[in-house]
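Everything on this sheet refers to the single structure shown next.
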Amino acid sequence: MPMCTSSPGRCANPDAEDVFARAKEEDLLKIMDRYQIHRAVIMPFNDPFLLSMDFTVEAVHRNLEAICAAHLGRFVFFADVDIRNSPTETADACRKALQSPWCRGIKIHPANTGMAIDDPYLDPLLSMAEQAGVPVAFHSYPNRPLRDECAPGRIGTVLDRHPKLTAIVCHLGAFQWRHAAKLNAYFDLSAFLPDCVRKRGLEACSMMLRAFPVDRLLFGTDWPCSRSCLPEEIYPRTFEILHQMDFTEEEIHQIAYGNAARLLWGER
Ligand SMILES: [Zn+2]
């Protein structure tokens, strides 16, 4: 099964906690080859101290582009945001990054910046993305009640302001997934299925996944790591679970590859 997934990047910071985040691109390519992952998305963290040694968003974009250019056809990347810059500078930096043939979206990470998804700071950036038809991935893993800065309800507020925006709700909005499922968006399941099934059981997780349109589900384009599996166990276990959940082969192909290939690589 070919797959699209993410690599969180060549992390300059050795404190990163996961094998995917620590890996250099040669290691990532080995992992990708082992699991038939044809292509991966490199996601930034909205933290220039992790992905560059110049600590600027421009340096992050240069680094990510260099990885994509060195391994043609294997990686694309999402543009980064540095909220130390003005709203206009942020929109301009992303517009410039998007001129790269390998830049396919923009990543917003409110848990790292502390800035809420619907903060007006992001409006110039989101207007630009809306007009350009560029997907914007929102980290959405709230661990507080509804007003958490990355709550999926805030993505709803953003979509009210920017109705043509292509939004990706990462982590399905976590325990607020019912709010996420109402949105007109794409939904990234990260690699949380093994953990979800262990904690909540197959039936409850299946019910949750079926609340989302199957042609909008993406596997692991945001965060391919798991708390309950070794890295090499994540893919076999995830697809074992999807088969147990009575998804058809065609639906599993959509989740693992087809939806991401359509959204990020423009394939039919
Ligand atoms: Zn995330």
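The values are calculated or read from the model by the stated rules, or taken from the named source; none is laboratory data. What you see is a predicted model, and the numbers here were worked out from it, not measured in a lab. As a convention, Cβ positions derive from the backbone with ideal geometry for all residues, glycine included, and neighbour counts pool all protein chains shown.
Details
- Selection from segment 234-257 of residues that are without any contact (Cβ under 8 Å) to a residue 40 or more places away in the chain, closer than 19 Å to Leu172 by Cα and assigned to a helix (DSSP H, G or I): Glu251
- Residue match in segment 58-77 (condition: of a type in the set (Lys, Arg), within 19 Å of the chain's Cα centre (by Cα) and modelled with pLDDT of 95 or more): no
- Within segment 132-146, considering residues that are more than 16 Å from the ligand (Cβ to nearest atom), out of contact with any Gly (no Cβ under 7 Å at 6 or more places or on another chain) and in contact (Cβ under 8 Å) with a residue 24 or more places away in the chain, the one farthest from Ile168 (Cα to Cα): Ala132
- So Glu149, is it assigned to a loop (DSSP other than H, G, I, E, B), more than 23 Å from Phe219 (Cα to Cα), away from the ligand (no atom under 12 Å from the Cβ) and not basic (Lys, Arg): yes
- Matching residues, segment 175-232, being of a type in the set (Asp, Glu) and at pLDDT 90 or above: Asp188, Asp195, Glu203, Asp215
- Given (1) assigned to a loop (DSSP other than H, G, I, E, B); (2) out of contact with any Cys (no Cβ under 6 Å at 6 or more places or on another chain); (3) polar (S, T, N, Q), number of the condition Ser127 does not satisfy: (1)
- Only a single item in (1) of a type in the set (Asp, Glu); (2) surrounded by fewer than 24 Cβ atoms within 10 Å (Cβ to Cβ); (3) within 14 Å of the ligand (Cβ to nearest atom) is not met by Asp188, and it is number (2).
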